[in-house]
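Novice: Below you will find the structure I want to go over with you.
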Amino acid sequence: MKIEYFHASKYGNGAKVAEEFQRQMTAKGVTVNVHHVKNIKPKEVPPADLYVFSSPGRFGKPIGDMRGFLKKVNLPSGTKYAILVTELAPEPEKSIRIPTTEEELGKCQRVIPVMNEMLQKKGMVKVAEGKIFVTSLKGPLEENWQKKVEAFAARIPISP
């Protein structure tokens, strides 16, 4: 199986996640090629069995480099993809110390839904999605983030 992984890491957190994903999948006998979206033209995406797209959030959406890449990428309808994003960890409501709910997060963090919408409009088929939190704007990644990458990788169907 061959996977092409495209990330738009700004501060290096997404690149770390991509490297960990590559390490884990390589241990399973899967070939994973990692690319930063600035270093590859969307029209020159190599053929693969699966494409993974990863972006940090910016004002609740994927950053501009990733949105631009996804707009221009041209893959056949039915192509399989997965999304693994990095998002700022939610903070509890400070005045009453209540953790932010998933519903409340969904109103402001739209990185995954925006990416899904862009790819599904092209006829692509999602096989997995996930998110890794960063503890502040520039990182570091949340504690035990490698376990989340492992859980995401486990959801990727590996063809013989």
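Derivation of every value follows stated rules applied to the coordinates shown; laboratory data play no part. Note that the structure is a prediction, hence the values are computed from the model and not measured. Cβ coordinates were reconstructed from backbone atoms using ideal geometry, including for glycine residues, and neighbour counts include every protein chain displayed.
Novice: Report, to the nearest 10°, how far helix 111-120 tilts away from the longest principal axis of the Cα atoms in the chain, using its own Cα long axis and a range of 0 to 90°.
Specialist: Helix 111-120 sits at roughly 30 degrees to that axis.
Novice: Continuing with the same structure: From the helices alone, meaning DSSP H stretches of at least four residues, give me the mean residue ellipticity at 222 nm for the chain, per-run term -39500 (n - 2.57), in deg cm²/dmol to the nearest 500. Before the final figure, lay out the partial values.
Specialist: Working: 5 runs with 51 residues, N = 160.
When only DSSP H runs of four or more count, the value is -9500 deg cm²/dmol.
Novice: Helix 145-154 against the longest principal axis of the chain: what's the angle in degrees, Cα atoms only, rounded to the nearest 10?
Specialist: 40
Novice: Here's a follow-up. Using Cα pairs closer than 8 Å and at least 6 residues apart in sequence, work out the relative contact order for the chain, in percent. Present the calculation step by step, with values, prior to reporting the outcome.
Specialist: Values: 285 pairs, mean separation 41.6, N = 160.
Once normalised by length, the contact order is 26 percent.
Novice: Can you compute the FRET efficiency between residue 135 and residue 19 using 1/(1 + (r/R0)^6), with r the Cβ-Cβ distance and R0 = 30 Å? Round to the nearest 0.05.
Specialist: Working: r = 19 Å, r/R0 = 0.63.
The pair residue 135/residue 19 has a calculated efficiency of 0.95.
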